[in-house]
1. Kindly list, by first and then second residue, each pair from a residue in region 16-28 that is open to solvent by 70 Å² or more (accessible area, probe 1.4 Å) to a residue that is assigned to a loop (DSSP other than H, G, I, E, B), limited to pairs with Cβ atoms under 8 Å and residues at least 6 apart or on different chains.
2. When you scan region 83-96, do you find a residue that is touching a Phe, Trp or Tyr at 6+ places or on another chain (Cβ under 6 Å) and not aromatic (Phe, Trp, Tyr), even just one?
3. Could you check region 82-111 and list, in sequence order, the residues that are closer than 25 Å to residue 149 by Cα and open to solvent by 70 Å² or more (accessible area, probe 1.4 Å)?
4. I'd like to verify a number: residues in region 79-135 that are aliphatic (A, V, I, L, M), more than 30 Å from residue 166 (Cβ to Cβ) and free of Cβ contacts under 8 Å to residues at least 40 places away in the same chain, how many?
5. If you take the residues of region 274-323 that are among the aromatic types (Phe, Trp, Tyr) and either in contact with a Ser or Thr (Cβ under 9 Å, 6 or more places away or on another chain) or within 19 Å of residue 236 (Cβ to Cβ) (or both), which of them is surrounded by the most Cβ atoms within 10 Å (Cβ to Cβ)?
6. Of the residues 240, 290, 245, 268, which single one is of a type outside the set (Ser, Thr, Tyr) and within 16 Å of the chain's Cα centre (by Cα)?
7. Please work out which residue is modelled with the lowest pLDDT, limiting yourself to region 72-98 and to residues that are among the hydrophobic types (A, V, I, L, M, F, W, C) and in a loop (DSSP other than H, G, I, E, B).
8. With the requirement that a residue be touching a residue at least 40 places away in the same chain (Cβ under 8 Å) and over 15 Å from residue 160 (Cβ atoms), what does region 210-229 give you?
Amino acid sequence: MIHFFLLFFLSFSGVRSLGVNYGQVGDNLPSPDKVLELLTSLNISKVRIYDTNPQILTSFANSNTDLIVTIENEMLTQLLDPQQALQWVATHIKPYFPAVRITGIAVGNEIFTGNDTVLMANLVPAMIAIHEALGELGLGSYIHVSTPTSLAVLEESFPPSAGSFKGEVSSYISQFLQFLSRTKAPFWVNAYPYFAYKDNPDIISLDYALLNAMTYLVDPSTKLNYDNMLYAQVDAVIFGMARLGFDGIEVRVSETGWPSKGDVDEIGANSENAAIYNRNLLRRQLGNEGTPLRPNTRLEVYLFALFNEDMKPGPTSERNYGLYQPDGTMAYNMGLSTSPASISLSSSATKTAMENRSLVYLVISFKIILIRRPF
């Protein structure tokens, strides 16, 4: 019997605004079909990948999974040519759609916070070329085009009403926002309260960073109450866009998460905090919450990440954001059960579904407790 309550919580709640990032920077990850079994058992139907891996696209066909694919940064220069962009869409998107429910194309990743100004200048022209290629192939109304942006693109982020973009990239950002406004695409932001806490543990409350509703900060200009840093970060982006003359663009969180392990100097990177952060994020997603600035607009969030990835460079934390180890065991206990838990990636989705149904009454009872009581 599987005792991982997160699995049941997701399976019966129908959380449509929560997705997961499926990275592949590892030499021991399960095959895409086994990954799909895991995602299906968790009832996660929104996934973002960092390329257009044909094995993943083939495996996800007819799975009812909404998929965001990515064009790697190094590809952008080639796609400035409309014919090259058309060829890319015809090769990497058209053969799989609509069997694979590709809903978005991320053109590059965190380009505005890099040092390559040529790449920044090429970003929007490449996005335009891809968008026009989608339209030419009859896919423009189904697939949006955007790019994930690091929160570090902001010059000011607190209080949220002071949100503004860095001056050196504001011209590129304005061009980008014009594209989003014209095509009705969302602004994707990679927002990590963990980084802010790690850099300022003596100033930032851990509860505030972990989404615990124990610390309340009031924006002095708007008088809006913020009980967690993630929502403050998102609203800072919205205010930053408004300062450049753009209102009404939806903001979605393309990445957020908390590492379960880190180096000595990576304060707060541990399994306990990771469990609390992701548990609180799930609870808020179950409530279809919006931010204080846009309380009636459900915030769409993609959790980073599905697996720990052993080949990622950088500090230890970079390899330890996953909910799962590559063998299918939990990277840490989410705190919803005291029993050890694992999901066998070799087991069939049918068997998992049967096990889920056998505990439906237990799950429903536990779900009521979670909704009524804060953690």
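The values are calculated or read from the model by the stated rules, or taken from the named source; none is laboratory data. Because the structure is predicted, anything quoted here is derived from the model rather than measured. As a convention, Cβ positions derive from the backbone with ideal geometry for all residues, glycine included, and neighbour counts pool all protein chains shown. To get the accessible areas, we keep the full protein, side chains included, count just its heavy atoms, and leave off ligands, DNA and RNA. Shrake-Rupley method; radii C 1.70, N 1.55, O 1.52, S 1.80 Å.
1. Sorted first by the residue in region 16-28, then by its partner, the pairs are 16/45; 27/310; 27/311; 28/310; 28/326; 28/327.
2. Narrowing region 83-96 to residues touching a Phe, Trp or Tyr at 6+ places or on another chain (Cβ under 6 Å): none.
No: region 83-96 contains no residue that is touching a Phe, Trp or Tyr at 6+ places or on another chain (Cβ under 6 Å) and not aromatic (Phe, Trp, Tyr).
3. Once the filter is applied, which keeps residues that are closer than 25 Å to residue 149 by Cα and open to solvent by 70 Å² or more (accessible area, probe 1.4 Å), region 82-111 yields 82, 84, 101.
4. Of the residues in region 79-135, 1 are aliphatic (A, V, I, L, M), more than 30 Å from residue 166 (Cβ to Cβ) and free of Cβ contacts under 8 Å to residues at least 40 places away in the same chain.
5. 321
6. After applying the criteria, what remains is 290.
7. Among those that are among the hydrophobic types (A, V, I, L, M, F, W, C) and in a loop (DSSP other than H, G, I, E, B), it is 76.
8. 210, 211, 212, 213
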